[in-house]
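Below is one structure; the comments refer to it alone.
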There are 2 protein chains.
Amino acid sequence: MNTTRTITLKNRPTGKPELTDFEFTTSEIPELKEGELLVSARYVSVDPYLRGRMRDVPSYVPPFELNKPIESGVVAEVLESKNSHFSKGDYVSGLLQWKETQTAKADGLIKVDSDKAPLSAYLGVLGMTGLTAYLGLTEIGKPKKGETLLVSGAAGAVGSVVGQVGKILGLRVVGIAGTDEKVEMLKSEFGFDEAINYKTTENMVEAIANSCPDGVDVYFDNVGGAISEAVLFNINKFSRTVNCGAISEYNNIELPKSISVQPFLIQKSSSMKGFVISDFADKHPEGLRQLTEWFNQGKLKYTETIKEGFENIPQAFLDLFDGKNKGKMIVKL
Amino acid sequence: MNTTRTITLKNRPTGKPELTDFEFTTSEIPELKEGELLVSARYVSVDPYLRGRMRDVPSYVPPFELNKPIESGVVAEVLESKNSHFSKGDYVSGLLQWKETQTAKADGLIKVDSDKAPLSAYLGVLGMTGLTAYLGLTEIGKPKKGETLLVSGAAGAVGSVVGQVGKILGLRVVGIAGTDEKVEMLKSEFGFDEAINYKTTENMVEAIANSCPDGVDVYFDNVGGAISEAVLFNINKFSRTVNCGAISEYNNIELPKSISVQPFLIQKSSSMKGFVISDFADKHPEGLRQLTEWFNQGKLKYTETIKEGFENIPQAFLDLFDGKNKGKMIVKL
């Protein structure tokens, strides 16, 4: 029986994850069953939300099990198919384990076309990342032309798509990011109207007020924490906050505290709503169609940070929490 | 020219309001103009939200001005009318100043019928209080039969109506209040399925879990603060929090901090939304019709705490923050 390199969760991280929380092992590749595919990973997505699955608490997706493989979005090449819809040489995208080679059920995998877009894009702007941005913004943010959209974690994979979709929909778009280089990229590459470097800004409340002179109508929040506190002072009547992520709070050991949001929400008749992309499963096909159309029209750009090598997957994941990625963080095998 | 006793705002309270923040003065009653009414206050409503108007910050309603009369919901008797829709002896309800006698424009005042309900009910269950409960619950909470509704400040004016409407709509209803007497009243008078005395409960997270074995689908929040923190641990996937009030936080001098809500909202695809009753102005007539129908059918009970005397209005207002009221707090003149 063949074997494959595998990355498992060795310890549930306390606070910030470390390399020692992961273990490289060798696991057997079972016999291919009828309907299944044997696939070889080409691009592996590492995402902040995986941190949540490393906790042993019930959530929208079950936690990772200790000493079992971690899984995330992966683009893989079909080595062998026992499913009539897929052939050797096809590329597929879906949730797969952190293994170099594995067997997988075909449902849940979608075929992707390397002629239409670079394969890695199917993990980003044309995949779950793009859908998260597009459906979070449209379904929860309900943006209206002329409104102001503020995006935190704006240079991240989701944030950069949110901003571009906002521009396509006719909004004033302001981004928050953590380096001058990212701030510059948001404006020059992704068409944001303004961007703020929160690490060099002393008074974020004021900086947001200056960048959003008409206030904030939609806040697409990827970070939570102190940045989101500052946003509260700038929200408009009937504003909507899309709670997509809270990366600043994921590694806290104690439950993090923030300024109470309730008085602000009441004063502004404002809403906050969290989501995961599976909430909108029925809208995924239409979302992908729209994203692909914009992508083909050259309206959606993306940035990736690509690390190379199976052995670097854990480090790439850790780098997310230090903001070392611009756009989607991907490991190429 | 005639004069009337008047209560003005002398100081903007810092923290908890005090009697010395109010001043009793005498003001002139201007000549009655065409279209106006001369009215004499009979019942004056004191409400937690007035605390917000005592701050000098822009809000959904402008702040009270220093040394100007305070205003709130009042039922008054028409002493003289220069408006064809009203006659001497009619009773009207609306936002009026804290004066014994005053002239007022007729628009914004509605005629109320003392034969159909006690006059004070038009400040409560058949007035803004009832509308706040009914429209907040239905428009934001979007309750579905069989779901669990949790109400904080449940023995207050709004909370007790929310719970009853929840029962009428077929929900399991659990209330949180601050005395054993109130807890008993919620169950015996208002038909709540369960009620929790937060002052004698050590572990609110656990107490809510026990009272809401299927989790919380709709949380109607009148209080904010520590109670609302405990609720976060019990919310269901797709749950809705109606942010109606945050009385526990109104008197804070520093901005109060709470456990960050973002990770909970994301994990549960849950929403929070604040509102003020004027957001739903177009739904007020239908809301009042529904409340009146239920009231006439004996399905909506209410409790009032009635203080007597114009001179006791400020103290009645202060008593709200010590939870001295059961149901609507009203001052009878």
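The values are calculated or read from the model by the stated rules, or taken from the named source; none is laboratory data. Predicted model only: the values in this text are computed from it and were never measured. When we count neighbours, we look across all protein chains shown, and the Cβ atoms used for this are built from the backbone with ideal geometry, even at glycine.
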* What do you reckon, is A:F190 away from chain B (no Cβ under 14 Å), at pLDDT 95 or above and under 21 Å from A:W294 (Cβ atoms)? -> yes
* Among the residues listed as A:S93, A:S152, A:S160, A:S114, the single one being in the same structural domain as A:S45 (by TED's automatic domain parsing) and either surrounded by 19 or more Cβ atoms within 10 Å (Cβ to Cβ) or over 24 Å from A:I330 (Cβ atoms) (or both) -> A:S93
* Could you check how many residues of the stretch B:212-224 are within 28 Å of B:N251 (Cβ to Cβ) and either out of contact with any Asp or Glu (no Cβ under 7 Å at 6 or more places or on another chain) or not in a loop (DSSP other than H, G, I, E, B) (or both)? => 7
* Asked: So which of A:G166, A:G156 is within 22 Å of the chain's Cα centre (by Cα) and at pLDDT below 95?
  -> A:G156
* Does at least one position in the stretch B:64-81 carry a residue that is within 14 Å of another protein chain (Cβ to nearest Cβ) and either crowded, with 19+ Cβ neighbours inside 10 Å or touching a Phe, Trp or Tyr at 6+ places or on another chain (Cβ under 7 Å) (or both)? -> no
* **Single condition B:I208 does not satisfy, out of (1) touching a Leu at 6+ places or on another chain (Cβ under 8 Å); (2) hydrophobic (A, V, I, L, M, F, W, C); (3) within 12 Å of another protein chain (Cβ to nearest Cβ)** => (3)
* Asked: Does the stretch B:270-293 include one or more residues that are among the small types (G, A, S), part of a loop (DSSP other than H, G, I, E, B) and either more than 23 Å from B:L50 (Cα to Cα) or not assigned by TED's automatic domain parsing to the domain that holds B:L96 (or both)?
  -> yes
* To do: Could you run through the stretch A:160-188 and say how many residues are over 19 Å from A:K199 (Cα atoms), of a type in the set (A, V, I, L, M, F, W, C) and part of a strand (DSSP E or B)?
  => 1
* Residues satisfying the stated conditions in the stretch A:177-197, i.e. surrounded by 20 or more Cβ atoms within 10 Å (Cβ to Cβ), of a type outside the set (D, E, K, R) and out of contact with any Phe, Trp or Tyr (no Cβ under 8 Å at 6 or more places or on another chain) -> A:V183, A:M185, A:F190, A:F192, A:A195, A:I196
* Counting just the residues of the stretch A:242-272 that are at pLDDT 95 or above and under 19 Å from A:A195 (Cβ atoms), which one comes out farthest from the other protein chains (Cβ to nearest Cβ)? -> A:V242
* Residue, nearest to B:E18 (Cα to Cα), within the stretch B:265-293, restricted to residues that are in contact (Cβ under 8 Å) with a residue 12 or more places away in the chain and more than 24 Å from the chain's Cα centre (by Cα) -> B:S270
* Structure fact -> Within the stretch A:181-206, residues touching a residue at least 12 places away in the same chain (Cβ under 8 Å) and within 16 Å of A:N236 (Cα to Cα) come out as A:V205
* Tell me which residues, restricted to the stretch A:142-159, are in a loop (DSSP other than H, G, I, E, B) and either free of Cβ contacts under 8 Å to residues at least 60 places away in the same chain or among the hydrophobic types (A, V, I, L, M, F, W, C) (or both). => A:K145, A:G146, A:A154, A:A155
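Residues checked against (1) assigned to a strand (DSSP E or B); (2) in contact (Cβ under 8 Å) with a residue 60 or more places away in the chain:
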residue	(1), (2)
B:M1	no, no
B:T4	yes, yes
B:I7	yes, yes
B:T14	no, yes
B:P17	no, yes
B:T20	no, no
B:T25	yes, no
B:L32	no, yes
B:V44	yes, yes
* What is the one condition in (1) within 14 Å of another protein chain (Cβ to nearest Cβ); (2) modelled with pLDDT of 90 or more that A:E293 does not satisfy? -> (1)
* Asked: Quick one: in the stretch B:213-226, which of the residues that are crowded, with 22+ Cβ neighbours inside 10 Å and touching a helix residue (DSSP H, G or I) at 6+ places or on another chain (Cβ under 8 Å) is nearest to the other protein chains (Cβ to nearest Cβ)?
  -> B:G224
* **Residue list for the stretch B:33-91, filter: of a type in the set (S, T, N, Q) and within 27 Å of the chain's Cα centre (by Cα)** => B:S40, B:S45, B:S59, B:N67, B:S72
* Asked: Can you name every residue in the stretch B:251-264 that is closer than 19 Å to A:C244 by Cα and in contact (Cβ under 8 Å) with a residue 24 or more places away in the chain?
  -> B:I259, B:V261, B:F264
* Please work out if A:L38 is in contact (Cβ under 8 Å) with a residue 24 or more places away in the chain, more than 26 Å from A:I306 (Cβ to Cβ), of a type outside the set (F, W, Y) and not in a helix (DSSP H, G or I). => no
* Going by the conditions given, is A:F275 within 14 Å of chain B (Cβ to nearest Cβ) and modelled with pLDDT of 95 or more? -> yes
* For the stretch B:230-241, name all the residues that are among the charged types (D, E, K, R) and either more than 9 Å from chain A (Cβ to nearest Cβ) or crowded, with 22+ Cβ neighbours inside 10 Å (or both). => B:R240
* Asked: Does B:G130 satisfy the condition of being touching a Pro at 6+ places or on another chain (Cβ under 9 Å), crowded, with 24+ Cβ neighbours inside 10 Å and closer than 21 Å to B:A177 by Cα?
  -> no
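For every residue, the table says whether it meets (1) over 21 Å from the mean Cα position of the chain (by Cα); (2) under 16 Å from A:V162 (Cα atoms); (3) in the same structural domain as A:D113 (by TED's automatic domain parsing); (4) in a helix (DSSP H, G or I).
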| site | (1), (2), (3), (4) |
| --- | --- |
| A:F238 | yes, no, no, no |
| A:V242 | no, yes, no, no |
| A:G245 | no, yes, no, no |
| A:E254 | yes, no, no, no |
| A:S258 | yes, no, no, no |
| A:P263 | yes, no, no, yes |
| A:F295 | no, yes, no, yes |
| A:N312 | no, no, yes, yes |
| A:D322 | no, no, yes, no |
* Name the one entry in A:S228, A:S269 that is of a type in the set (S, T, N, Q) and at positive phi. => A:S269
* Asked: Of B:V46, B:V57, which residue is in the same structural domain as B:E311 (by TED's automatic domain parsing) and surrounded by fewer than 19 Cβ atoms within 10 Å (Cβ to Cβ)?
  -> B:V57
